[in-house]
Amino acid sequence: MEQQEVIGKGTWIDKLAFELLEREKSLGRKLDLLRVESGLGASGVPHIGSLGDAVRAYGVKLALENLGYKSELIAYSDDLDGLRKIPEGFPESLEEHLAKPVSLIPDPFGCHDSYGMHMSSILLDGLDRTGIKYEFRRAIDTYKKGLLKDQIHTILQNSTKIGDKISELVGQEKYQKFLPYFPVCANCSKLYTAESFEYLENEKKVRYKCHDAEIGGKMIKGCGHDGEADIGKDLGKLAWKVEFAARWAAFDIRFEAYGKDIMDSVKVNDWVADEILNYPHPHHVKYEMFLDKGGKKISKSLGNVLTAQKWLEFGDPKSILLLLYKRITGARELGFEDIPSLMNEYNELEDIFFGKLKVDNQAKLTKSKGLYEYVNLLDIPKQASTHVNYRLLVELAKIFKEDRKERVMKKLIDYGVIKNPEPKVEKLIELAGNFADEFDQQEKAEIELDDNAKKALKILSETLGADNEPEDIQNTIYQIAKSNDVQPKDFFKILYQIILGTSRGPKIGPFISDIGRKQVAKTLAEYI
């Protein structure tokens with residue numbers, strides 16, 4: 001069988017970078033700097049999905065650099081976007097600012113120059129804490145400096161053609177009546193209520209009227225002002241259906257991923273870039289959204305937001321990067337309960353990378369090593385770190401609430417898991433302790449059990465749950481396995497899978513005593 005050639009590090013990220021390069025070469029464009037972009041929403045609280053857009057774009061930047069090209073990530077905050085609704089947990093006083101650009105709304109918490117910058121800073125903090133390097137650009141500065149004025153002019157000159165195309169491509173007829181540009185009303189500072197209806201080409205001004213508009217399912221009152229706005233000097237912004245195209249052309253963007261929720265906008269923007277601005281649209285990849293465990297899209301308005309800041313109370317930055325770099329397609333249900341398995345999976349990848357864990361399948365080996373390198377942002381550690389099973393730490397953290405770090409560390413040394421205390425393990429105990437305090441239940445492991453194993457588990461559960469404590473739990477487990485035709489090593493493995501979600505761990509007898517035999521009996525009973 002012919003061996004397939006490995007591109008870069010053998011991951012989907014490398015494949016994407018390679019496709020991008022091939023396309024750029026076919027277009028005959030310069031390859032001296034390949035810019036990738038990620039748009040940051042600034043109107044709602046940024047969640048893991050928002051972070052994912054920028055993290056994945058950064059992965060493509062790294063892959064391009066690995067293939068020998070210069071690249072940079074532009075993190076663009078859309079802080080001229082109008083506030084459509086008040087996010088869960090934010091003060092009702094924001095009501096008066098609905099429809100205003102978020103960069104013109106005061107920060108309700110008083111720590112940033114605007115509401116928009118408050119939201120952007122949450123996302124930027126997430127990027128900083130995961131080690132992502134970016135060039136930050138704000139919409140308000142971009143428009144104030146007139147960086148898009150040439151593109152705005154060309155788009156407005158062609159507004160009739162664009163309005164017809166939007167209607168044809170996505171069935172939206174609004175832009176056959178109005179221009180795809182929203183000035184900020186000079187009288188009331190609202191954005192979406194000021195609809196422009198005529199472009200004065202020679203003066204580079206739009207005429208607009210501020211009237212009532214439905215925004216976020218709510219009627220927002222316009223002030224009735226008739227005005228003119230200069231596209232180079234006065235504040236305003238392009239509609240989403242055309243703005244990406246203007247940015248791509250102005251900033252020379254070669255790659256941008258998008259979520260399937262904005263597919264229609266991307267379709268139109270691609271056409272505008274290609275046909276109106278004469279700028280070949282960037283290479284794209286579509287990704288699915290993260291869903292909560294109930295199958296709903298993660299969003300702040302639903303109150304189910306999952307922020308990087310909250311995640312990092314329980315998991316390290318590498319667990320976020322692993323989540324985002326594992327794959328890009330397919331909707332995924334996501335919750336904090338995924339953290340233990342991601343923390344353990346990273347350890348497994350590290351063991352594969354350093355040859356401590358053998359993988360016979362060459363394709364899987366290459367992919368696992370490549371994934372490990374991207375999770376480390378291609379800054380590869382010289383050696384593997386000390387590994388401690390995260391679920392083991394969670395179980396121990398549940399037992400020891402007082403002097404937790406010292407007592408859990410002592411147990412790890414007693415079990416032979418580590419030789420000496422070290423700061424990295426101390427930090428892991430802190431994260432797992434936070435997890436133990438906040439979430440009591442761990443997800444039930446999926447384990448295939450035959451009748452003998454189920455019978456042995458039933459007997460062990462009853463033995464551990466009895467009032468009289470077995471003299472030697474380790475030996476009791478061994479005898480129960482033997483007398484029920486279950487290989488003891490297989491039975492121990494089953495117990496580790498049920499208790500720790502892994503196939504090995506510390507000596508099981510003393511560990512069960514530490515957790516509490518009746519507690520373990522209850523857990524085992526769920527699998528019978």
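The values are calculated or read from the model by the stated rules, or taken from the named source; none is laboratory data. A quick note: this is a predicted structure, and the numbers were derived from the prediction, not measured. Please note: Cβ atoms are built from the backbone with ideal geometry, for glycine as well, and neighbour counts cover all protein chains shown.
Checking each residue in segment 329-359 for being outside any helix (DSSP H, G or I), in contact with a Leu (Cβ under 8 Å, 6 or more places away or on another chain), closer than 26 Å to LYS310 by Cβ and not small (Gly, Ala, Ser) picks out ARG332, GLU333, LEU334. Taking segment 138-153 as the range and being farther than 17 Å from LEU235 by Cβ and crowded, with 16+ Cβ neighbours inside 10 Å as the test, no residue passes. Of all residues in segment 490-528, those satisfying the criterion of being over 19 Å from ASP472 (Cα atoms), in a helix (DSSP H, G or I) and polar (S, T, N, Q) are GLN497, THR523. Whenever a residue of segment 203-231 is over 23 Å from GLU96 (Cα atoms), its partners that are surrounded by fewer than 18 Cβ atoms within 10 Å (Cβ to Cβ) and of a type in the set (A, V, I, L, M), lying with C-beta atoms within less than 8 angstrom and at least six residues away or across chains, give the pairs VAL206/LEU200; ARG207/LEU200; GLU228/LEU200; ALA229/ALA186. The residues on offer are GLU333, GLU337, GLU348, and the sole one that is charged (D, E, K, R), out of contact with any helix residue (DSSP H, G or I) (no Cβ under 7 Å at 6 or more places or on another chain), closer than 17 Å to ILE429 by Cα and outside the structural domain of ALA432 (by TED's automatic domain parsing) is GLU337. Looking at segment 445-457, can you tell me whether even one residue there is exposed (fewer than 13 other Cβ atoms within 10 Å of the Cβ), under 26 Å from the mean Cα position of the chain (by Cα) and not assigned by TED's automatic domain parsing to the domain that holds LEU349? Within segment 445-457 (the criterion being exposed (fewer than 13 other Cβ atoms within 10 Å of the Cβ), under 26 Å from the mean Cα position of the chain (by Cα) and not assigned by TED's automatic domain parsing to the domain that holds LEU349), the answer is yes, since at least one residue qualifies.
Give ILE166, ILE162 a once-over and let me know the one that is outside the structural domain of LEU83 (by TED's automatic domain parsing), touching a residue at least 12 places away in the same chain (Cβ under 8 Å), touching a Pro at 6+ places or on another chain (Cβ under 7 Å) and surrounded by 22 or more Cβ atoms within 10 Å (Cβ to Cβ).
ILE162
So, TYR192, is that one at pLDDT below 95 and of a type in the set (Phe, Trp, Tyr) or not? In short, yes.
Total residues in segment 65-77 satisfying the condition of being under 23 Å from the mean Cα position of the chain (by Cα) and more than 15 Å from ASP379 (Cα to Cα): the figure is 7. Of all residues in segment 298-330, those that are basic (Lys, Arg) and either at pLDDT below 70 or assigned by TED's automatic domain parsing to the domain that holds VAL60 (or both) total 1. From the set of residues in segment 53-89 that are among the charged types (D, E, K, R) and farther than 20 Å from GLY131 by Cβ, which is modelled with the lowest pLDDT? Only one residue fits best here, namely GLU88. For segment 12-47, a residue qualifies if it is modelled with pLDDT of 95 or more and assigned to a loop (DSSP other than H, G, I, E, B), and the qualifying residues are GLY28, ARG29, LYS30, LEU31, ASP32, LEU33. At least 3 residues being farther than 24 Å from PHE197 by Cβ is the threshold, and among the strands (runs of 3 or more DSSP E) wholly inside segment 218-261 those reaching it are 253-256.
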